[in-house]
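The values are calculated or read from the model by the stated rules, or taken from the named source; none is laboratory data. The structure displayed is predicted, hence computed values, not measured ones. Note: ideal-geometry Cβ built from the backbone for every residue, glycine included; neighbour counts use all protein chains shown.
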Amino acid sequence: MMKGGHAKKLLFTNILCILLLHWLDLSFVISTKVPAIIVFGDSSVDAGNNNFISTVARSNFQPYGRDFMGGKPTGRFSNGRIATDFISEAFGIKPYIPAYLDPSYNISQFSTGVSFASAATGYDNATSDVLSVIPLWKQLEYYKEYQKKLGTYLGEKKAKDTITKSLHIISLGTNDFLENYYAIPGRASQYTPSQYQNFLAGIAENFIHRLYDLGAKKISLGGLPPMGCLPLERTTNFAGGNDCVSNYNNIALEFNDKLNKLTTKLKKDIPGVKLVFSNPYDILFRVVKKPGQFGFQVTSMACCATGMFEMGYACSRASFFSCVDASRYVFWDSFHPTEKTNGIVANYLVKSALAQFLH
Ligand SMILES: *[C@@H]1O[C@H](CO)[C@@H](O)[C@H](O)[C@H]1NC(C)=O
Ligand SMILES: *[C@@H]1O[C@H](CO)[C@@H](O)[C@H](O)[C@H]1NC(C)=O
């Protein structure tokens, strides 16, 4: 009896030790490496900020979010989670990143991750004006306000340390071309496509400097997807037999090349910055061109409604045409990927550009 009890006790102590070591190990990797993920951008990373401003660029109704936790339409432009949610999870932080303007969250939750992103916005102020959404400069103002709240909540020293170690993700640019430059008069009469790319890259450069000035050290600058392959663009590509619009894809490739060069330049200009270029183009292009390899069946049309034009209010529960199983589709609405695609892209980025922040 005594012996058995002793052995049990030893075993128990050993298990406790192992658990404790694991816990120490994990907490070292997780909390000292990246305590929070802080997000700026457009609908690719908006977790619902647009629900709280006056705009039509919304998705806080069914069937959006039907595969999210609890089937909740949060304002994410997908059937489930978006790429930054998966990235947060991969970093061992939490399964989704809340929207800063959502009053159901407070600084305690935001201290481990927050999104300032706004669907339909762009680098260019003229892009955010189109649908009256949150411009990039305003996202930075919210970030300053957040830092003040974080200082009060954690104490100045801990808050500063958190900001230094947090990963800052920037993801936008598609709308500058598809919602603005190629959609409405104005910028196209002022700039050639190449000049416009330079104009946007200049704003990105300035934004990264401002972030750094505010204490950010770990920054991921996101590239553009193959935007000519979005279902909306394919639907309207009558001459091209509904294939991807190569002009838009080429614009994305050129702009990504400029952002990549900008990243190299900024790493020289700003001593101490850990800046990476996170490029989703190649992985998304592969998914679109070889959907079967990733378990998809449909790539040229989206799941929601007819899959040809609808997004936002046009993708509503009132549509009888929506697909039953979104995981068979690369795209959820005519402009945004399904949760499954978001997971594939996030996983790819975590293993490539973002890997250096994990270890
Ligand atoms: C934040 O909200 C949680 C639960 O909703 C609550 O327990 C916590 O006290 C709040 N924290 C602050 C700092 O307001
Ligand atoms: C965008 O608007 C803000 C606020 O008015 C302004 O400070 C900023 O300079 C503008 N950006 C550009 C590139 O014009």
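Computed quantities for the displayed model
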{"quantity": "Answer residue from segment 119-142, given it is within 20 Å of ASP85 (Cα to Cα) and in contact with a Leu (Cβ under 7 Å, 6 or more places away or on another chain) and is nearest to ligand 1 (Cβ to nearest atom) among those", "calculated": "THR121"}
{"quantity": "Cross-chain or 6+ apart pairs with Cβ under 8 Å, segment 106-120 first and within 21 Å of SER44 (Cα to Cα) and in a loop (DSSP other than H, G, I, E, B), then within 16 Å of ligand 2 (Cβ to nearest atom) and of a type in the set (S, T, N, Q)", "calculated": "PHE116/GLN139; ALA117/GLN139; SER118/SER128; SER118/GLN139; ALA120/THR127; ALA120/SER128; ALA120/ASN175"}
{"quantity": "Yes/no for LYS258 being of a type in the set (D, E, K, R), under 18 Å from ASP124 (Cα atoms) and within 21 Å of the chain's Cα centre (by Cα)", "calculated": "yes"}
{"quantity": "Test: residue in segment 224-236 that is in a helix (DSSP H, G or I), out of contact with any Pro (no Cβ under 8 Å at 6 or more places or on another chain), surrounded by fewer than 17 Cβ atoms within 10 Å (Cβ to Cβ) and not aliphatic (A, V, I, L, M)", "calculated": "no"}
{"quantity": "Any hit, segment 102-118, residues being modelled with pLDDT of 95 or more, more than 16 Å from ligand 1 (Cβ to nearest atom) and touching a Lys or Arg at 6+ places or on another chain (Cβ under 7 Å)", "calculated": "no"}
{"quantity": "Subset of segment 85-104 [part of a loop (DSSP other than H, G, I, E, B) and buried (at least 16 other Cβ atoms within 10 Å of the Cβ)]", "calculated": "PHE91, ILE93, TYR96, ILE97, PRO98, TYR100, LEU101, ASP102"}
{"quantity": "Residue in segment 183-190 that is within 16 Å of ligand 2 (Cβ to nearest atom), in contact (Cβ under 8 Å) with a residue 40 or more places away in the chain, out of contact with any helix residue (DSSP H, G or I) (no Cβ under 8 Å at 6 or more places or on another chain) and farther than 27 Å from LEU354 by Cβ present", "calculated": "no"}
